[in-house]
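The values are calculated or read from the model by the stated rules, or taken from the named source; none is laboratory data. As the structure is a computational prediction, the values presented were derived from the model and not from experiment. So basically every Cβ, Gly included, is an ideal-geometry build from the backbone, and we count neighbours across all protein chains shown. The area values use the complete protein model at the heavy-atom level, side chains included, leaving out ligands, DNA and RNA. Shrake-Rupley method; radii C 1.70, N 1.55, O 1.52, S 1.80 Å.
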Amino acid sequence: HLTLTFLGGVEASRLGDLTASLREACTGFGALRLRVGQIGFFPDARQPRVVWIRVRDERDQLQSLQRVVEAATTEFTHHAPEPTFTAHVTLGRCGPIARSQVNALVAVATAMEDRVFGAWTADHLDVIRSLLLRAGSQHVTLTTVPLTHS
């Protein structure tokens, strides 16, 4: 999944208001044609803890959509927004690894720098609840907001 903003705990009784705020904010965007390519690392390539792949859209609307979603959800969260938005999908997480493994990982990412790994059309947003369980994360869609032109 591609996270546009993290809300944290939102009371179930506010889900209707949150949905209405998102519907209003997202009107006029329409579907986005997204593609993934360019492997990256958080916090950086010297000490990778998260391996991710960048998400871009054909009309350069994703950054704008993220900003309006963040603005539309501000009153529903106590979490501060991320200082910068990097549209990405997480591929995996890693613990401390040897320098030789870091170098190999970076070499593979560099060799595939211009490769596009896939594309799809996003015609809606989902508000998702993440449950952190022993067996792994479980994601539950609470509501869906269409991306419509009008």
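Please determine whether any residue of segment 122-141 is assigned to a helix (DSSP H, G or I), under 30 Å from SER13 (Cα atoms) and within 14 Å of the chain's Cα centre (by Cα).
In the first step, residues of segment 122-141 are kept if they are assigned to a helix (DSSP H, G or I); the result is none.
No: segment 122-141 contains no residue that is assigned to a helix (DSSP H, G or I), under 30 Å from SER13 (Cα atoms) and within 14 Å of the chain's Cα centre (by Cα).
Of the residues that sit in segment 125-138 and are open to solvent by less than 80 Å² (accessible area, probe 1.4 Å) and not small (Gly, Ala, Ser), which one is modelled with the lowest pLDDT?
Per the criteria, the residue is LEU131.
Kindly establish whether LEU7 is open to solvent by less than 50 Å² (accessible area, probe 1.4 Å), modelled with pLDDT under 95, under 12 Å from the mean Cα position of the chain (by Cα) and aliphatic (A, V, I, L, M).
The answer is no for LEU7.
Go through segment 139-150 and give me each residue that's touching a residue at least 40 places away in the same chain (Cβ under 8 Å) and either among the aliphatic types (A, V, I, L, M) or exposed (fewer than 13 other Cβ atoms within 10 Å of the Cβ) (or both). Reasoning before the result, please.
Initially, segment 139-150 is screened for residues touching a residue at least 40 places away in the same chain (Cβ under 8 Å), giving 139, 142-143, 145-150.
Scanning segment 139-150 gives HIS139, LEU142, VAL145, LEU147, HIS149, SER150.
Quickly run through segment 53-82 and pick out the residues that are over 30 Å from ARG14 (Cβ atoms) and under 14 Å from the mean Cα position of the chain (by Cα).
Going through segment 53-82, the residues over 30 Å from ARG14 (Cβ atoms) turn out to be 53-54, 56, 58-60.
Of everything in segment 53-82, those that are over 30 Å from ARG14 (Cβ atoms) and under 14 Å from the mean Cα position of the chain (by Cα) turn out to be ILE53, ARG54, ARG56.
Across segment 57-70, what is the total count of residues that are open to solvent by less than 80 Å² (accessible area, probe 1.4 Å) and either touching a Pro at 6+ places or on another chain (Cβ under 6 Å) or assigned to a loop (DSSP other than H, G, I, E, B) (or both)?
Adding up the residues that qualify gives 2.
Restricting attention to segment 74-101, report how many residues are assigned to a helix (DSSP H, G or I), open to solvent by less than 50 Å² (accessible area, probe 1.4 Å) and either of a type in the set (Lys, Arg) or modelled with pLDDT of 95 or more (or both).
Selection size over segment 74-101: 0.
Tally up the residues in segment 73-104 that are under 25 Å from ARG35 (Cβ atoms) and of a type in the set (A, V, I, L, M), please.
So the count comes out to 3.
Are any residues in segment 102-116 open to solvent by 80 Å² or more (accessible area, probe 1.4 Å) and either small (Gly, Ala, Ser) or closer than 22 Å to THR3 by Cα (or both), and if so, which ones?
Those that are open to solvent by 80 Å² or more (accessible area, probe 1.4 Å) and either small (Gly, Ala, Ser) or closer than 22 Å to THR3 by Cα (or both): ALA111, VAL116.
Restricting attention to segment 30-56, and to residues there that are of a type in the set (D, E, K, R) and in a strand (DSSP E or B), which single residue is least open to solvent (accessible area, probe 1.4 Å)?
Of everything passing the filter in segment 30-56, ARG54 is least open to solvent (accessible area, probe 1.4 Å).
Residue check, ASP60 against (1) free of Cβ contacts under 8 Å to residues at least 12 places away in the same chain; (2) on the phi < 0 side of the Ramachandran plot, all met but one. Which one?
Just one mismatch for ASP60, condition (2).
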